[in-house]
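Structure, as structure tokens:
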Amino acid sequence: GTMFSLQYYIVDTIVLMILGFVGYQYTRTNQMVTQYNWLYERASLLSWKHVKS
């Protein structure tokens, strides 16, 4: 049935890729602001910026 439809496979793949990217970016932001807290601060949920000296 619809489980093996190409359309659903493509949609599911795109959704999983988006979720993977968001998860990766969230984790990377946490790493940067935790490990390099003297150099970076959180700019948003998914990004960081340089600390003003």
Which residue out of Leu46, Leu16, Leu39 is within 9 Å of the chain's Cα centre (by Cα) and hydrophobic (A, V, I, L, M, F, W, C)? Leu46
Every listed condition ((1) loosely packed, with under 11 Cβ neighbours inside 10 Å; (2) modelled with pLDDT of 95 or more; (3) farther than 30 Å from Ser53 by Cβ) holds for Thr2 save (2)
May I ask you to list pairs of residues, at least six apart or on different chains, whose Cβ atoms are under 8 Å apart, with the first in region 16-42 being surrounded by 12 or more Cβ atoms within 10 Å (Cβ to Cβ) and the second being among the acidic types (Asp, Glu)? Val33/Glu41
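The values are calculated or read from the model by the stated rules, or taken from the named source; none is laboratory data. Values in this document were obtained by computation on a predicted structure and should not be read as measured data. In this analysis, Cβ positions are derived from the backbone assuming ideal geometry, glycine residues included, and neighbour counts consider all displayed protein chains.
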